[in-house]
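Take a look at the structure below.
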Amino acid sequence: MAPTTKEGQRAELHKMIWRIANDLRGSVDGWDFKTYVLGMLFYRFISENLTAYINRGEHEAGDESFDYGVLPDAQAEFARAEVVAEKGFYILPSELFANVRERAARDENLNETLARVFKNIEGSALGTDSEDDLKGLFDDLDVNSNKLGGTVAKRNQKLAKLLDAIGDLPLGRFEDNSIDLFGDAYEYLMQMYAANAGKSGGEYYT
């Protein structure tokens, strides 16, 4: 049974996050690997945030069965301008975290898929007020780094495991969380990486 108290949720989440970070890190330095863990966590967050926002709008408009996540990309373009104006970015259904994760184990070009997705997310803000905020957002998440593995296959294997691990984190639905689980996970990871890397408080908060 999942913990329902704030303290229980937080403790369970922290335990899972640190296990993920250690199990998947392998030969990648901990301080470097934080980029991948935090980057994937952020990718999941914005994907679910966007999906919930679009779904809520359609449900309130009367289409209670609408699910943005299963919409063909061509049909999803209807909401782009409005959503970018409101959220500052856009993600097509096929490029949402959950859908990329679902295909990851079968995607021989997963690294290229993720690189394209991140580029498209940043590109969705071009010419808008949020362009500067998104520019270079995923630059540090190098999906082609040799640190992840000596071959494309090994890199993709680690990326797929990372997608699964982040996707399995019990972050619940936005409406149901009794604490800000995404924010808490992010802060916890930063604290742990800073402590283990011997970073000063100033460097950590930077």
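What follows draws every value from the coordinates through simple rules; no lab data is involved. None of the values given here were measured: they were computed from a predicted structure. Every residue, glycine as well, gets a Cβ built from its backbone with ideal geometry; the counts of neighbours run over all protein chains shown.
Quick notes
- Formal net charge of residues neighbouring Glu108 (Cβ-Cβ distance under 15 Å; K, R +1; D, E -1): +4
- Here Ser124, Ser65, Ser130 are placed in order of increasing Cβ neighbour count within 10 Å, fewest first, which gives Ser65, Ser130, Ser124.
- Gln191 versus Lys147: modelled label distance in nm, points set 7 Å from Cα along the beta carbon direction: 2.4
- Asp133 versus Asn22: modelled label distance in nm, points set 7 Å from Cα along the beta carbon direction: 3.7
- P(r) tail fraction, the range 7-205 - alpha-carbon pairs more than 31 Å apart, %: 20
- Pairwise label distance in nanometres, Glu58 with Asp32, each label 7 Å out on the Cα-Cβ vector: 4.2
- Sites Asp180 and Ala81, calculated FRET efficiency, Cβ-Cβ separation with R0 35 Å, nearest 0.05: 0.75
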